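Take a look at the structure below.
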């Protein structure tokens, strides 16, 4: 009996030990538990300071980049080249579609990576600036020169976002939202490619009759697709950059202004005509894009990444056509509001010299060209001639030519991305308007209320 | 065998200390840190946070979306309790009392949704509700009721009721098994005695089965209530993301949106505190209403 009891005590002791092990494993520093891979195969961030004696850089350089519609092949190329040029630097990559979530604990514990590419769900440039997580680059960026001697600051297609005159991030990817259609279908059936709002409506009417489909689709689960893809250009065309800035910052009276109301009336008009997909309220962005590819709809507002993102599902014979969203009045040029994905350096970067060297290394016309080849999108550097390059998809060269022709397209810049605190309630009300449960007047009232709440929370 | 006092305490400590440590780490610590963060203005993605006292709580009481999320949650609680309990009870009684030959087969079939992840269930039902290719709308069209077909999850009025079906479907199996366990523990002689006394099947059900099964029923209801208040988040997040226009937001999904989409982690923590308080209150009230003397025949 005694022996049995002794056995039990031993069993309990073993269990305790196991538990203690589990607990200690749980509480160990989680800094190295994220998915990281370093270029020489080691995961241990060792000494990450650079000696700085002769201006050469060394040590660990941690780079966080989101991998989404553009893939990661361009990043791999750039990082490999940088590594070759700076053999003393050990690059630790933190990359993936969920990297923003995975790295969150690092940012919270004030141990951020050195360089961050801000894109994808769970990341917000505005939020990072508000939280003081990004390095002020205002002075430094003025010194950077491109290979031909041009100043980088003068060579951006769109200038960096400005927060009270300060620059915290450099726009790397020039993306723009627009409206996609299937050129093959339009050519075959003779549908008109819209050039302004009126022709948009008449084109949708013909498609609705001819194809027996609801012509326009977007993601109801993410109303910001419609907001950024259709409304931003519409507002910009109607009220210019000033209105756009006021709307994004939630300035008093901006959302309830007459110009805004007129634009929202256009949305109401589309809804009343029954041109919105009747089921869009439930669709996430992939479903809406899939519907578009399957010809359940004829137009979808998305950014340049659409063909790359849906590459595996494109039906045979489908030919992507891209126009800036045609929400402007007849006789006006198209409006485009670029959406920029920036590269930034962490305020608390452990190796700021290497981080700066990397950022400087990336912004070249050569990499801008290879970016378009890899991703089908444009890097935010001007003077890159895509027309001669046959590896660049045709929709991109055409769009690029269009964007560069001020008679056809007017580019309007927004000051910074809209805060999620304002975008979310606006998107909800917008959804209601698109489903026909709200009028344009009610929408602007709701939007003004949301803006007031946003201002009070600042 | 005589145990010394010391041995007894040692044994108790061996049993209790690890449990307590785990409980403290995985329950008490998150609970109190949640409470702590609810007093801060914090984005949840940086180390900067500002103490704002009851600021988040004041915001909570002024937030027009909060009452709706509470109503949506309790709508799901009530419909799920009724739906799951009625069906689980029906199937449990049918599978035990009707002496079906295929009973084990049905048991497996009904339990099947329980071994699937809620995320999978949500995605599956999204296809069922799909406005153009979904089973529901095609079924309605097939029987000539196409006027009733609608984009279920994309309709402000119908999205929330549409979430009830998958939740009930996913929940039946477990509670059915629980009730089957309870029913098979009831001595057959009670039914024989009742039959001799001339009780109908229906009377046997109400006078014998339900009273003797009460402990299981009570636990099942409490369990459904608690898991719905804490877990309805998943199905909402997967199927509608709280939309359209907040029509399906429950407290949990709104918490997620505030904390991780709008970067108001402190406010999210405040919503978490509200969920805790409401869950506790609900369970206490339910306990009060469902107390019954233990029946022994």
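The values are calculated or read from the model by the stated rules, or taken from the named source; none is laboratory data. Since this is a predicted model, take the numbers as computed values, not measurements. Positions of Cβ are backbone-derived with ideal geometry, glycine not excepted, and every protein chain shown enters the neighbour counts.
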Handout entry: Check on residue B:112, touching a helix residue (DSSP H, G or I) at 6+ places or on another chain (Cβ under 9 Å), in a helix (DSSP H, G or I), more than 14 Å from chain A (Cβ to nearest Cβ) and surrounded by fewer than 17 Cβ atoms within 10 Å (Cβ to Cβ)
Key = yes
Exercise for the section: Select, from A:251, A:238, the only residue that is in contact with a helix residue (DSSP H, G or I) (Cβ under 7 Å, 6 or more places away or on another chain), more than 13 Å from chain B (Cβ to nearest Cβ) and in contact (Cβ under 8 Å) with a residue 12 or more places away in the chain. Expected result: A:238
Problem - residue A:178 vs. criteria in contact (Cβ under 8 Å) with a residue 12 or more places away in the chain, more than 29 Å from residue A:71 (Cα to Cα) and either assigned to a strand (DSSP E or B) or away from chain B (no Cβ under 14 Å) (or both) - result: no
Exercise for the section: Among the residues of the range A:81-132, count how many are free of Cβ contacts under 8 Å to residues at least 12 places away in the same chain, more than 14 Å from chain B (Cβ to nearest Cβ) and outside any helix (DSSP H, G or I). Expected result: 1
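Quick grid of which residues meet (1) more than 30 Å from residue A:295 (Cα to Cα); (2) touching a residue at least 12 places away in the same chain (Cβ under 8 Å); (3) surrounded by fewer than 20 Cβ atoms within 10 Å (Cβ to Cβ):
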site	(1), (2), (3)
A:143	yes, no, yes
A:153	yes, yes, yes
A:194	no, yes, no
A:198	no, yes, yes
A:201	no, yes, yes
A:205	no, yes, yes
Practice task
Return a yes/no flag: does the range A:382-402 have any residue that is more than 22 Å from residue B:154 (Cα to Cα) and either at pLDDT 90 or above or within 13 Å of chain B (Cβ to nearest Cβ) (or both).
Solution key: no
Handout entry: Count - residues of the range B:239-256 that are surrounded by fewer than 22 Cβ atoms within 10 Å (Cβ to Cβ) and within 10 Å of chain A (Cβ to nearest Cβ)
Key = 1
Completion exercise
If we ask which residues in the range B:1-56 are surrounded by 15 or more Cβ atoms within 10 Å (Cβ to Cβ), out of contact with any strand residue (DSSP E or B) (no Cβ under 7 Å at 6 or more places or on another chain), more than 11 Å from chain A (Cβ to nearest Cβ) and part of a loop (DSSP other than H, G, I, E, B), their number turns out to be 1
Practice task
Consider residue A:431 carefully, then state whether it is closer than 23 Å to residue A:218 by Cα, touching a helix residue (DSSP H, G or I) at 6+ places or on another chain (Cβ under 6 Å) and assigned by TED's automatic domain parsing to the domain that holds residue A:330.
Solution key: no
Practice task
Take residue A:147 and decide whether it is surrounded by fewer than 18 Cβ atoms within 10 Å (Cβ to Cβ), in a loop (DSSP other than H, G, I, E, B) and either within 14 Å of another protein chain (Cβ to nearest Cβ) or touching a residue at least 60 places away in the same chain (Cβ under 8 Å) (or both).
Solution key: yes
Fill in the blank from the handout: Going through the range B:96-113 in order, the residues found to be in contact (Cβ under 8 Å) with a residue 24 or more places away in the chain and over 27 Å from residue B:151 (Cα atoms) are B:96, B:97, B:107, B:110, B:111, B:112
Handout entry: Filter result (over 26 Å from residue B:246 (Cα atoms) and either more than 8 Å from chain B (Cβ to nearest Cβ) or in a helix (DSSP H, G or I) (or both)) within the range A:273-298
Key = A:293, A:294, A:295, A:298
Completion exercise
(1) within 11 Å of chain A (Cβ to nearest Cβ); (2) in a helix (DSSP H, G or I); (3) in contact (Cβ under 8 Å) with a residue 24 or more places away in the chain all hold for residue B:60 apart from (1)
Fill in the blank from the handout: Of the residues in the range A:70-80, those that are assigned to a loop (DSSP other than H, G, I, E, B) and surrounded by fewer than 21 Cβ atoms within 10 Å (Cβ to Cβ) come to A:71, A:72
Fill in the blank from the handout: Considering the range A:387-412, residues that are touching a residue at least 40 places away in the same chain (Cβ under 8 Å) and in contact with a helix residue (DSSP H, G or I) (Cβ under 6 Å, 6 or more places away or on another chain), and then whichever is nearest to residue A:243 (Cα to Cα), we arrive at A:412
Exercise for the section: Go through the range A:429-445 and give me each residue that's surrounded by fewer than 22 Cβ atoms within 10 Å (Cβ to Cβ) and either under 20 Å from the mean Cα position of the chain (by Cα) or part of a helix (DSSP H, G or I) (or both). Expected result: A:440, A:441, A:442, A:445
Exercise for the section: Given the conditions (1) under 30 Å from residue A:281 (Cβ atoms); (2) surrounded by 15 or more Cβ atoms within 10 Å (Cβ to Cβ); (3) touching a helix residue (DSSP H, G or I) at 6+ places or on another chain (Cβ under 7 Å), report the number of the one that residue B:191 does not fulfil. Expected result: (1)
